[in-house]
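A short worksheet on the structure shown next.
The values are calculated or read from the model by the stated rules, or taken from the named source; none is laboratory data. Values in this document were obtained by computation on a predicted structure and should not be read as measured data. Please note: Cβ atoms are built from the backbone with ideal geometry, for glycine as well, and neighbour counts cover all protein chains shown.
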Amino acid sequence: MTAPAPALAGRLREIVGVDGVLTDPADCAPFLVDHLGRCRGRAVAVVQPRSLAHVSQLLGLCDSERVGVVPHGGNTSYCGGAIPDDSGRQLVLSLKHLNRIRSVDVTNYSLTAEAGCILSQVQQAADAAGCFFPLSLGSQGSCQIGGNLSTNAGGVNVLRYGMMRDLVLGLEVVLPGGRVLEGLSSLRKDNTGYDIKSLFLGAEGTLGVITAATVKLFPQIRARATALVALPEVRAAVTLLGQLRAASGDRISSFELISRPALELATRHIPGVSDPFTAAHPWYLLCELSSARAAEPLDEVLEEALGAALTRATVLDAALVRSERERAALWKLRESIPEAQRHEGASLKHDISLPVAVLADFVTRAASWIGANVPDGRLVAYGHVGDGNLHFNISQSAGSDRERFLGRADSVRCAVHELVHEFGGSFSAEHGIGRLKVGELERYASPVELALMRAVKRAFDPHGIMNPGKVLREQ
Ligand code: 2HG
Ligand code: ZN
């Protein structure tokens, strides 16, 4: 921490009150390191506004004083997007007190939530109104909707419902300087010029501060069928995806790929997680069909489709869920893999996406490169295969040297991303750019795209105060 200039500290306190400005190092510490411990920073203060007016006044002050503002939600970013740099001159803006569900409109199937609402709070509010909000991620008990919006979060239901961007109807945003974009529209049709709100989704707080959003709701889910399926190879997952989409009338909501090493880590490190099969298999799929119609015989559809796939040897074995308890156990297996990776030691993470048609060939090529070039690492691949999104991660092997392993991070990342590029994929599927992937964006975005992004940044934030150095390098 750097002691804020007394004048600045005083003016911050005038806006948000004494309690709203943290400067004590112990109070600020949780806001200055990301949850993986990979990004650290310093800040002039952590400010916790309680209203839209507070945020507006803060951005007015910071713009005129040229103080960088780092919006901070649930701190679950994988790319350091919510952590200040180490200059000690930036301000962390925590949205945690803007945490009201402002309204639920059941007739319109929409809900308006403030940015600091925890994702699970939004899901529960939708549920209490007899509706369903489909964004679902492992960190939903702590990530905030503002962060989900700013990173265009994905998760396990994207195949059916799309990413966060697809779920947004309107936004309220405070712009640098303090102007408020009052765009909490709940219209589903509104073709009135440029889609300004879309620019804030995925901008990671570099254009303004999202303070509230109106999102789409859906009919509540009343029938589900879930199975863990054992597969001989990745290609089988893609084949099964097509077969199951057709057989179920497109009722698939989740289609999660899990490699054997990923399953092993979860069963080893997470209490209560077990492998439902007696034999070991190279790959697994957690697939779920769902419907808003209670009477839909999804279990039968899934059983029949998997039976046919077993006959064709696309599938090696399948464990169909018979109770909510069994279903929760399978989801725990899947969702605890990132935590299990942390227990195993250091890991190199690659959040990539590819056209599903080339996924299998990519995995073969990339796995063989890793086998030959990362002797102290083990491929722990898993992810949202229905969306072509793999978490192509590498965990340090037992007994290997942590620093030596991490020393390979840059060269491994370059090799993996080059291969992803060659296969027509993206180096950032759902985790964003933050500060860790700024160089990758410069490498893989076209000059035209970069020039447009920089022009947008200048237009919205001429003094460069919004989350400086994230997404785009400071100019
Ligand atoms: C998931 O799908 C998350 O579990 C985290 O996006 C992925 O830790 C990771 O690499
Ligand atoms: Zn993911």
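Out of curiosity, is Val238 surrounded by fewer than 24 Cβ atoms within 10 Å (Cβ to Cβ) and either among the hydrophobic types (A, V, I, L, M, F, W, C) or on the phi < 0 side of the Ramachandran plot (or both)? It is true that Val238 is surrounded by fewer than 24 Cβ atoms within 10 Å (Cβ to Cβ) and either among the hydrophobic types (A, V, I, L, M, F, W, C) or on the phi < 0 side of the Ramachandran plot (or both).
Kindly evaluate Val301 against the criterion of being more than 16 Å from ligand 1 (Cβ to nearest atom), assigned to a helix (DSSP H, G or I), on the phi < 0 side of the Ramachandran plot and surrounded by 15 or more Cβ atoms within 10 Å (Cβ to Cβ). Considered against the rule, which asks whether it is more than 16 Å from ligand 1 (Cβ to nearest atom), assigned to a helix (DSSP H, G or I), on the phi < 0 side of the Ramachandran plot and surrounded by 15 or more Cβ atoms within 10 Å (Cβ to Cβ), Val301 comes out as yes.
Being among the hydroxyl-bearing types (Ser, Thr, Tyr) and under 13 Å from Leu348 (Cα atoms) is the filter here; which residues of region 360-399 pass it? Across region 360-399, the qualifying residues are Ser395, Ser397. Take Thr311 and tell me if it is surrounded by fewer than 21 Cβ atoms within 10 Å (Cβ to Cβ), within 23 Å of Phe423 (Cβ to Cβ), out of contact with any His (no Cβ under 9 Å at 6 or more places or on another chain) and among the polar types (S, T, N, Q). So Thr311 fails the test. Just to be sure before I move on: is Leu436 under 19 Å from the mean Cα position of the chain (by Cα), within 13 Å of ligand 1 (Cβ to nearest atom) and modelled with pLDDT of 95 or more in the structure I sent? Spelling it out, Leu436 is indeed under 19 Å from the mean Cα position of the chain (by Cα), within 13 Å of ligand 1 (Cβ to nearest atom) and modelled with pLDDT of 95 or more. Whenever a residue of region 326-345 is more than 9 Å from Val273 (Cβ to Cβ) and among the polar types (S, T, N, Q), its partners that are assigned to a helix (DSSP H, G or I) and at pLDDT 95 or above, lying with C-beta atoms within less than 7 angstrom and at least six residues away or across chains, give the pairs Gln341/Leu265.
For region 439-460, how many residues are under 28 Å from Leu137 (Cβ atoms) and away from ligand 1 (no atom under 16 Å from the Cβ)? First the steps, then the outcome.
Taking region 439-460 as the starting set, the residues that turn out to be under 28 Å from Leu137 (Cβ atoms) are 439-445, 449, 453, 456-457, 460.
Still in the list and also away from ligand 1 (no atom under 16 Å from the Cβ): 439, 441-445, 449, 453, 456-457, 460.
Summing the residues that are under 28 Å from Leu137 (Cβ atoms) and away from ligand 1 (no atom under 16 Å from the Cβ) in region 439-460 gives 11.
Residue-by-condition table, conditions (1) touching a helix residue (DSSP H, G or I) at 6+ places or on another chain (Cβ under 7 Å); (2) farther than 30 Å from Arg66 by Cα:
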| residue | (1), (2) |
| --- | --- |
| Ala113 | yes, no |
| Pro134 | yes, yes |
| Gly162 | no, yes |
| Asp166 | no, yes |
| Leu175 | yes, no |
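Quick one: is Leu330 buried (at least 17 other Cβ atoms within 10 Å of the Cβ), out of contact with any Ser or Thr (no Cβ under 8 Å at 6 or more places or on another chain) and assigned to a helix (DSSP H, G or I)? No: the conditions fail for Leu330. So for region 150-160 (the condition being away from ligand 1 (no atom under 15 Å from the Cβ) and outside any helix (DSSP H, G or I)), does at least one residue qualify? No; the residues of region 150-160 include none that is away from ligand 1 (no atom under 15 Å from the Cβ) and outside any helix (DSSP H, G or I). So is Ala429 small (Gly, Ala, Ser), surrounded by 14 or more Cβ atoms within 10 Å (Cβ to Cβ) and in a loop (DSSP other than H, G, I, E, B) or not? Spelling it out, Ala429 is indeed small (Gly, Ala, Ser), surrounded by 14 or more Cβ atoms within 10 Å (Cβ to Cβ) and in a loop (DSSP other than H, G, I, E, B). Pairing residues of region 383-408 that are within 16 Å of ligand 2 (Cβ to nearest atom) with residues that are assigned to a strand (DSSP E or B) and aromatic (Phe, Trp, Tyr), at Cβ distances under 8 Å and at least 6 apart in sequence or on separate chains, gives Gly383/Phe392; His384/Phe255; Val385/Phe255; Gly386/Phe255; Leu390/Tyr382; His391/Tyr382; Asn393/Tyr382. Against the criterion of being over 19 Å from the mean Cα position of the chain (by Cα), at positive phi and buried (at least 17 other Cβ atoms within 10 Å of the Cβ), Gly155 does not qualify. Outside any helix (DSSP H, G or I), within 16 Å of ligand 1 (Cβ to nearest atom) and either in contact with a Leu (Cβ under 6 Å, 6 or more places away or on another chain) or among the small types (Gly, Ala, Ser) (or both) - does that describe any residue in region 305-314? Taking every residue of region 305-314 in turn, none turns out to be outside any helix (DSSP H, G or I), within 16 Å of ligand 1 (Cβ to nearest atom) and either in contact with a Leu (Cβ under 6 Å, 6 or more places away or on another chain) or among the small types (Gly, Ala, Ser) (or both).
Scanning region 384-415 for residues that are under 19 Å from Trp283 (Cβ atoms) and either away from ligand 1 (no atom under 16 Å from the Cβ) or of a type in the set (A, V, I, L, M, F, W, C) (or both) yields Val385, Leu390, Phe392, Ile394. Could you run through region 193-222 and say how many residues are part of a strand (DSSP E or B) and over 24 Å from Leu61 (Cβ atoms)? Of the residues in that region, 6 qualify.
Could you pull out the residue among Thr211, Thr226 that is in contact with a strand residue (DSSP E or B) (Cβ under 8 Å, 6 or more places away or on another chain), closer than 23 Å to Glu324 by Cα, touching a residue at least 12 places away in the same chain (Cβ under 8 Å) and surrounded by 23 or more Cβ atoms within 10 Å (Cβ to Cβ)?
Being in contact with a strand residue (DSSP E or B) (Cβ under 8 Å, 6 or more places away or on another chain), closer than 23 Å to Glu324 by Cα, touching a residue at least 12 places away in the same chain (Cβ under 8 Å) and surrounded by 23 or more Cβ atoms within 10 Å (Cβ to Cβ) holds for just one of Thr211, Thr226, which is Thr226.
The condition of being surrounded by 19 or more Cβ atoms within 10 Å (Cβ to Cβ), within 16 Å of ligand 1 (Cβ to nearest atom) and in a helix (DSSP H, G or I) does not hold for Ala381.
Only one entry in Glu182, Glu264, Glu256 is more than 19 Å from the chain's Cα centre (by Cα), in a strand (DSSP E or B) and at pLDDT 95 or above, namely Glu182. Of everything in region 367-378 that is surrounded by fewer than 20 Cβ atoms within 10 Å (Cβ to Cβ) and small (Gly, Ala, Ser), the residue that is farthest from ligand 2 (Cβ to nearest atom) is Ala372.
Here Lys349 passes the criteria (1) under 22 Å from Leu231 (Cβ atoms); (2) within 16 Å of ligand 2 (Cβ to nearest atom) except the one numbered (1).
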